[in-house]
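The values are calculated or read from the model by the stated rules, or taken from the named source; none is laboratory data. Note that the coordinates shown come from a computational prediction; the quantities given were computed from them, not determined experimentally. Here the Cβ is made from the backbone with ideal geometry for all residues, glycine too, and neighbour counts use every protein chain on show. With ligands, DNA and RNA removed, areas are computed over all heavy atoms of the protein, side chains included. Shrake-Rupley method; radii C 1.70, N 1.55, O 1.52, S 1.80 Å.
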Amino acid sequence: MSYQSPLLETHGSIAPPDGHAEPGVPWHWGDPFAEQRTAARTVAVVDRSHREVLTVRGDDRLSWLHLVISQHMTELPDEMGTEALVLDSHGRIDTHMVLAHVGGTVWLDTDPGPVATSALPKGGEKQTLLDYFEAMKFWSKVDIARSEHAVLTVLGPEADALLTKLDIQLGTEPYAVAAIPGGVARRMPWPGRSSVDLLVPRAELADWWQRVTDAGARPAGTWAFDALRVESLRPRLGVDTDERAIPHEVNWIGSAAHVAKGCYRGQETVAKVHNVGRPPRQMVLLHLDGSPEIAPEPGEPVRLGERVVGRVGSVAQHHELGPVALALVKRSVPVDAELLAGEEDHVVQAAIDPDSMPAEHAAPGREAAQRLRG
């Protein structure tokens, strides 16, 4: 049976529709736009307990992780975190994870489901991240385990004031980590301007939710989280990526993939594209025409005239920007192109937000939305 958060039984929570990319956790709590505004202006909390949490312990934890994931790990300090990827031999993305290192343990959380399929022989069954790590352990002195912890994310400029009420002391730099009763707190640079993940015992999820909301955080759902994530140009694996996606295309170079270190699968592609070329596609923010009251779906095409020039990723209704989406488009697409997103009976006009383009294409302001809707 698929995961179902106990918070879905709480009065006011609304479950996501069938087929949603993030099932099993509250989609919203009755007013998704007000929840977004609260997350942007004061403080809100989102149940993300569907994410899988692993722990890596042992003397070789950092040196071993350094060999099997894309991030530089050997010098990761205690009480710091980072992001990382598992790539296939061609540099394509198998999975994305967020890490926290504290007290001799590296905590990793990632989207649930099978990953690292390229590591298998042809015809083999798909692996979980835990399966993949176990297969790569060899003689290293590491202990890898699935952890019975759940993720709650606190969002908003008043997040630090809330942490103070909860007696949680956390550094101000991105990815700062601190131990909390039974778990870990980790500061994140996204979504929005202030975000903190709390990894708490899964058996105590409802109690932690009550503590955080009693301290002043408004309950918010994944609708609000995803809208702010899209605004922050942060991808979600399998929604904003396809089987060909490489880290350079979705802003994961530096934040999740290190370009200078070697000894990890896919590193040659990462270094080559970084040093001698540009990726074939780039992730952009699309402003969508909301007047037809329809929207494209993830994976559907983006067209320039009759030519397919990209694919739609995450689609969101933002409290200020209106209907928006992330999309992977060819680098040759002009910033002022008049695009169509979607197919069949839900094709809408779309315009690239110039602020989401690389520096060589950047233009000031939100002219794209004004052009589309004015």
Any hit, segment 217-229, residues being surrounded by fewer than 23 Cβ atoms within 10 Å (Cβ to Cβ) and within 22 Å of residue 54 (Cα to Cα): no
Among the residues listed as 103, 81, the single one being closer than 24 Å to residue 148 by Cβ, within 21 Å of the chain's Cα centre (by Cα) and touching a residue at least 12 places away in the same chain (Cβ under 8 Å): 81
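Would you mind stating whether residue 172 is of a type outside the set (A, V, I, L, M), open to solvent by 30 Å² or more (accessible area, probe 1.4 Å) and farther than 23 Å from residue 62 by Cα?
So residue 172 fits the description; yes.
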Scan of segment 8-43 for residues that are among the aliphatic types (A, V, I, L, M), crowded, with 21+ Cβ neighbours inside 10 Å and over 18 Å from the mean Cα position of the chain (by Cα), ordered by number: 43
For residue 49: the one exception among (1) open to solvent by 10 Å² or more (accessible area, probe 1.4 Å); (2) among the hydroxyl-bearing types (Ser, Thr, Tyr); (3) in contact with a Ser or Thr (Cβ under 8 Å, 6 or more places away or on another chain): (1)
Residues of segment 199-216 that turn out to be open to solvent by 10 Å² or more (accessible area, probe 1.4 Å) and either out of contact with any helix residue (DSSP H, G or I) (no Cβ under 7 Å at 6 or more places or on another chain) or without any contact (Cβ under 8 Å) to a residue 24 or more places away in the chain (or both), as a count: 9
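Residues checked against (1) touching a helix residue (DSSP H, G or I) at 6+ places or on another chain (Cβ under 9 Å); (2) of a type outside the set (Phe, Trp, Tyr); (3) at pLDDT below 95; (4) over 13 Å from residue 283 (Cα atoms):
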position: 330; (1), (2), (3), (4): no, yes, no, no
position: 333; (1), (2), (3), (4): no, yes, no, no
position: 338; (1), (2), (3), (4): yes, yes, no, yes
position: 342; (1), (2), (3), (4): no, yes, no, yes
position: 355; (1), (2), (3), (4): yes, yes, yes, no
position: 363; (1), (2), (3), (4): yes, yes, yes, yes
position: 368; (1), (2), (3), (4): yes, yes, yes, yes
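Here is a yes/no grid of residues against (1) part of a helix (DSSP H, G or I); (2) over 20 Å from residue 262 (Cβ atoms); (3) open to solvent by 60 Å² or more (accessible area, probe 1.4 Å); (4) at pLDDT below 95:
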| residue | (1), (2), (3), (4) |
| --- | --- |
| 62 | yes, no, no, no |
| 75 | no, no, yes, yes |
| 81 | no, yes, no, no |
| 91 | no, no, no, yes |
| 94 | no, no, no, yes |
| 98 | no, yes, no, no |
| 121 | no, yes, yes, yes |
| 130 | yes, yes, no, yes |
| 139 | no, yes, yes, yes |
Every residue from segment 328-350 that is among the small types (Gly, Ala, Ser) and either outside any strand (DSSP E or B) or open to solvent by 40 Å² or more (accessible area, probe 1.4 Å) (or both): 332, 337, 342
Selection from segment 238-284 of residues that are of a type in the set (A, V, I, L, M, F, W, C), surrounded by fewer than 19 Cβ atoms within 10 Å (Cβ to Cβ) and part of a loop (DSSP other than H, G, I, E, B): 239, 259, 260, 263
Residues that are assigned to a strand (DSSP E or B), open to solvent by less than 50 Å² (accessible area, probe 1.4 Å) and within 26 Å of residue 40 (Cα to Cα), drawn from segment 290-327: 312, 313, 314, 316, 318, 322, 323, 324, 325, 326, 327
